[in-house]
Amino acid sequence: SLPPRRTLELGCAVAIASGIGVVFGFNVSIDREAEALARQNDVRFEKYNIIYLLTERLAEMLMERAPKRTEEVVLGRAKLLKVFSSRKDGHLVGGKVLDGKIESAGGGSASGGKGVFILKRLREEVARGKILSIQSAKQTVSSVDAGTEFGAQITSDVEPKEGDVIECITIKET
């Protein structure tokens with residue numbers, strides 16, 4: 001076994017190499033060499049003298065660093081009845097909500113968040129995009145429910161066609 005001084009220096013070196021930036025210690029003191037090495041490399045020491053506090057902190061840190069899983073949840077589906085215009089990746093379409101709810105980004109950015117959809121043709125995904133705005137009954141709305149006809153400004157790399165289905169989705173992190 002290494003002497004305590006060497007163990008702290010080694011722990012500091014591992015924290016630097018791994019990018020974690022923290023060394024945990026139980027019932028130890030920190031010598032000047034290890035403290036200087038840590039300070040030079042933005043590594044911090046967390047010392048504990050009660051073991052369950054150390055294990056709680058380690059569990060907390062592992063949960064923070066655990067990879068997040070994402071799940072796509074379908075909010076609603078709509079059939080495209082008409083494609084009014086298309087320019088590059090911007091399209092003006094008309095449709096009817098088949099089930100659930102279709103919602104717009106509400107002025108949000110074109111990536112992530114609300115208004116994300118999957119464009120399906122013959123039940124196969126052909127593209128993904130964003131619903132920038134929705135109009136129903138000549139009013140700008142944030143969402144439309146089942147049975148409602150609407151017009152929408154959308155972005156998609158693939159030009160939509162009449163009969164395509166858009167599935168409005170939300171991304172849920174677990």
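The values are calculated or read from the model by the stated rules, or taken from the named source; none is laboratory data. Since we're looking at a predicted model, the values are computed, not measured. Note that each Cβ is placed from the backbone with ideal geometry, even for glycine, and that neighbours are counted across all protein chains shown. For the accessible areas, the whole protein counts, side chains as well, though only heavy atoms, and no ligand, DNA or RNA atoms are used. Shrake-Rupley method; radii C 1.70, N 1.55, O 1.52, S 1.80 Å.
Numbers below:
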item: Cross-link reach list, lysines versus residue 130, counting only Cα pairs under 22 Å and skipping chain neighbours closer than eight places; result: 79, 82, 88, 96, 101, 114, 120, 138, 161, 172
item: ³J(HN,Hα) computed for each position of segment 114-119 - Karplus, 6.51 cos²θ - 1.76 cosθ + 1.60, integer Hz, glycine/proline x; result: 6, x, 7, 9, 10, 8
item: Å² of accessible area per residue within the chain, as computed with a 1.4 Å probe and no ligands counted; result: 65
item: Geometric extent, Cα atoms of segment 1-104 - Rg, Dmax (angstrom); result: 27.0, 76
item: Carbon and sulfur %, accessible surface of segment 26-138 computed with the full protein complex present, 1.4 Å; result: 52
item: Residue-averaged [θ]222 nm for the chain, counting only DSSP H segments that reach four residues, each worth -39500 (n - 2.57); result: -7000 deg cm²/dmol
item: Ordering of 130-136, 56-62 by packing [mean C-beta count within 10 Å, highest first]; result: 130-136, 56-62
item: Equivalent ellipsoid semi-axes - Cα gyration tensor, the chain, angstrom; result: 56, 16, 13
item: Mean separation of Cα contacts under 8 Å (6+ apart) over length of the chain, as relative contact order %; result: 22
item: Distance (nanometres) between label positions extended 7 Å along Cα→Cβ at residue 171 and residue 81; result: 3.2
item: Burial order of peptide ranges 78-90, 150-162 (average beta-carbon count within 10 Å, highest first); result: 150-162, 78-90
item: Contour excess over end-to-end distance, with Cα ends at residue 124 and residue 36 and 0.36 nm allotted per residue; result: 25.8 nm
item: Distance histogram in 5 Å bins (all Cα pairs of segment 95-174, percent per bin); result: 3, 17, 27, 27, 19, 6, 1, 0
item: Residue 96 - accessible surface, heavy atoms, 1.4 Å probe, Å² rounded to 10; result: 80
item: Where labels lie 7 Å past Cα in the beta-carbon direction, separation of residue 89 and residue 55 in nm; result: 5.0
item: Heavy atoms of residue 14 accessible to a 1.4 Å probe, total area in Å² rounded to 10; result: 90
item: Theoretical FRET efficiency, 1/(1+(r/R0)^6), r = Cβ-Cβ of residue 13 and residue 46, R0 22 Å, to 0.05; result: 0.85
item: The chain: angle of helix 51-65 to the longest principal axis, Cα-based, in degrees nearest 10; result: 30
